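K.L.:
I am attaching a structure below and will ask some questions about it afterwards.
The values are calculated or read from the model by the stated rules, or taken from the named source; none is laboratory data. Model, not experiment: these values are computed from the prediction. Every residue, glycine as well, gets a Cβ built from its backbone with ideal geometry; the counts of neighbours run over all protein chains shown. All accessible areas refer to the heavy atoms of the entire protein, side chains included, with ligands and DNA or RNA removed. Shrake-Rupley method; radii C 1.70, N 1.55, O 1.52, S 1.80 Å.
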Amino acid sequence: MDPRSDRELIRGSVTSPTLFGEVFDRHGRVIFRYLRRRVGEDAAADITSEVFTRAFRDRSRLSTANDSALPWLLGIATNLLRMEHRTEYRRVRAYARAAHQTDLSDGVNIDDRLDAAAARGVLLTALELLSVRQRDVLLLSAWGELSPAEIAVALSLRPGTVRSELHRARARVASHLAAQAPHLVPDQDPIA
Amino acid sequence: MNSIDDLLRRSLTAPVRDAVEASSLARTRAALDLVIGTEPAPIRRRVWRRKLQVGVGLLPAAAVGLLVVVISVGAVLFIHGRPRTRSAISDPPTATALIGRLSVLARPQTGADRLPDRVTNHWAQLTHETQAGRLFPRLTRLVLSQGKVKLYLAVVAPSTDPYSPWTPEDGDQVTVIEVGPTGTSATQAIPAKALSDADIVSLIAPPGPFREAVGTGTAFALSIVPDSVARTSWFYSAKGYDTRINVPVHNNLAITGAGSRYPTGKVDATWYTDSGKPIRTNNSLIEEAQAASQRRRYRQDLQIAKAQKHSAAAEILKAFAVFSFDRPAGTRLPDGLIISKPPLDQLPLGVLSFAEATPGRRFALDLRDVRRVQAPSGLSMYILPGTSGLCVAQTGVFEIRDSPAQAAGAGFGCTQKLSSALLHGSGIISGTARHQTDYGIVPRAHPITTVSLKGGRSRTLRPSDGVYIERS
């Protein structure tokens, strides 16, 4: 593993392009999994490729202060997803169709999994109610595991805007859950 | 972790399939390696294979009245062949490696197992499609007889076709040959090592469009499987539906008649033993082989392109505004198009292959002066100036119609005469039954063009800087 930070690797890759491969090795899986959740396996593989191709071509213009390239890469992925909204819509519908099916084979807490399965349909509807920006912010937080500051980098938004959009998105989802499936509303403060 | 985030994470997910994920990541990494222009580590030597469900029907751009030669992807592949020199083969696996894994080949050959003479005698004509080498007449076995159709398993010598994913070093190969009243066809041949890849599923039908044979009892989806396999399960998407079927095995062949929902794209297959236990397979072998094959061709085409001496006609470069854009990183036009001048080593394989002379094209192209035009929609085209004309190319990795095979290539339209090029430019139309995209270039002197849209409509364009990518 190269001890250099992503930023150093990317800067170095301007003159030594092969260094960029290490950036993929570090973040390819996270990007793929994030995209896979949003658009499915096939499209995810496609978009992951495009993310890194674009990132490589734009590497000389990277101006993030972050040492990690993940927010930047997830930002590219999210932008590309907007071109794939139809695929994502189909994916969302596919989830909805599968909402009544529950795979209990994972061996984790069955009550949790039943709750999760029951929540799918309601959550999907809730996600569809969000604006594109709210959905991006929420999913970058939930699935991309980015902090609000990192989401701000990813989406080129102000951190304050991200926090308020995240707050609104979670509140909207929680409110939809409360109306449609009150037993699924998490015990703790959903907005926190 | 916020509780709503946690609920989203737990609820809207699906089990991670390690093999699929690893395969996707390896392909993506290999695609990136190609972009970077480096030699990837051996284990990552794969090339991107897009699963574009695009029927690439390239039609002449008659509406713009151009002399356009449109050659389909398949044709590009077909004409691309050239002699390759290979290093000496050191003990490649012979037919015994196949016989050891396919017991149907080990049983004595009977008269019924022999291919009809008309097939044996005309085998060479089939090999363009099957990328198979010489037939071994004693190593053919009848594996299915249904109505007037007979299927044979046959061992062939390795192909030297540069478009074959396999190399002579992979050794002898096995193919399935269908002999019917209307002709003979065969699947793409595979070597012994590919008998560990469960995802290699082929379609076979009498010569002609596959879809016309569907439902007639002469079209099949099949997979050659080694002795330990008693049953296979296929999962694939067809006509927008996810489909899972169990396919029985007989004579080392997992085979099913092709109904209306036959697999047209990638099949995710699992092999099972007699006792129902899944068999460990390596389902990325074909992709690795295709990637390696593409890398070989890429290196060779890059060499050819670098060695070229000719230049594009000065009149062409002057007549089209697009050639005044020289920035490799690209220049964004007011309408959102980005025009760039990619260096040779950043051209995709589909464009690099234009470095070679091709039958029917009477002028050479100058790949050092290629321009790439990218639309905000993500669509892009390449403009290739030549010594007397110019070409417009749309590149990608395409699924070949009626075949599970995929290949990198380019659909292109060329205006061959200098006078026509200077007057009309060039263009292509690419599309499916539902969408059509017009790609084209018009000269500064005649900047207006009319493109025909779906449904018989037409639209007059005055594209800024002479290039357009119009989707309808």
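K.L.:
At a probe of 1.4 Å, how much accessible area disappears from chains A and B on forming the pair, both sides counted, to the nearest 100 Å²? Please list the in-between numbers first.
P.N.:
Values: alone 10990 and 22250 Å², together 29300 Å².
It comes to approximately 3900 Å² buried between A and B.
K.L.:
Is there a simple number for the mean count of other chain Cβ atoms within 10 Å of the Cβ of residues in A:47-54, and what is it?
P.N.:
On the way: counts 1, 7, 12, 5, 2, 6, 7, 1.
Neighbouring Cβ atoms belonging to other protein chains average 5 per residue here.
K.L.:
Which net charge results when you count Lys and Arg as +1 and Asp and Glu as -1 among the other residues whose beta-carbon is under 14 Å from that of B:ARG138? Write down the numbers at each step before the final one.
P.N.:
Working: positive: B:ARG107, B:ARG114, B:ARG134, B:ARG141; negative: B:ASP113, B:ASP172.
So the environment of B:ARG138 carries a net charge of +2.
K.L.:
Continuing with the same structure: Could you sort the peptides B:381-394, B:106-119, B:172-185 by per-residue average Cβ neighbour count (10 Å cutoff), highest mean leading?
P.N.:
B:381-394, B:172-185, B:106-119
K.L.:
Something else now. At 10 °C and 1.306 mPa s, what whole-number value in µm²/s does Stokes-Einstein give for the translational diffusion of the range B:126-183, with Rh from the Kirkwood sum over Cα pairs?
P.N.:
Numbers: Rh = 12.1 Å.
Rounded, D is 131 µm²/s.
K.L.:
For the range B:212-340, take every pair of Cα atoms, bin their distances at 10 Å starting from 0, and report each bin as a whole percent.
P.N.:
For the range B:212-340, the binned pair fractions read 10, 22, 20, 14, 16, 14, 3, 0 percent.
K.L.:
Turning to a different aspect of this structure: For the range A:18-84, would you read off the P(r) tail past 13 Å as a percentage of all alpha carbon pairs? Each step should come with its number before you reach the end.
P.N.:
Values: 1323 of 2211 pairs.
Summing the P(r) of the range A:18-84 above 13 Å gives 60 percent of all pairs.
K.L.:
Just how much of B:ILE224 is accessible, in Å², when a 1.4 Å probe is used and the result is rounded to the nearest 10?
P.N.:
Around 20 Å² of this residue is reachable by solvent.
K.L.:
Right, next: Could you tally the net charge around A:ALA126, taking each other residue with its Cβ under 14 Å from the Cβ of A:ALA126, Lys/Arg +1 and Asp/Glu -1?
P.N.:
Values: positive: A:ARG120, A:ARG135, A:ARG168, A:ARG170, A:ARG172; negative: A:GLU128, B:ASP5.
Net charge around A:ALA126: +3.
K.L.:
While we're here: Roughly speaking, what is the centre-to-centre gap between the range B:371-395 and the range B:137-180 when only Cα atoms are used, to the nearest Å?
P.N.:
39
K.L.:
With respect to the cross-link table entries B:LYS318/B:LYS341; B:LYS193/B:LYS306; B:LYS148/B:LYS239; B:LYS341/B:LYS417, which display a Cα-Cα separation exceeding 26 Å?
P.N.:
Working: B:LYS318/B:LYS341 15 Å; B:LYS193/B:LYS306 35 Å; B:LYS148/B:LYS239 29 Å; B:LYS341/B:LYS417 24 Å.
Correct reply: B:LYS193/B:LYS306; B:LYS148/B:LYS239.
K.L.:
Rg and Dmax of the range B:307-378, using alpha carbons, in Å: what are they?
P.N.:
Values for the range B:307-378 (Cα only, Rg and Dmax): 13.2, 39 Å.
K.L.:
Next up: Out of every Cα pair in the range B:95-213, what percent are spaced more than 21 Å from each other?
P.N.:
Details: 2366 of 7021 pairs.
Cα-Cα pairs in the range B:95-213 separated by more than 21 Å: 34 percent.
K.L.:
Which order do peptides B:157-165, B:339-347 fall in by mean Cβ count within 10 Å, highest first?
P.N.:
On the way: B:157-165: 19.9, B:339-347: 18.3.
Highest-to-lowest ranking by the protection proxy: B:157-165, B:339-347.
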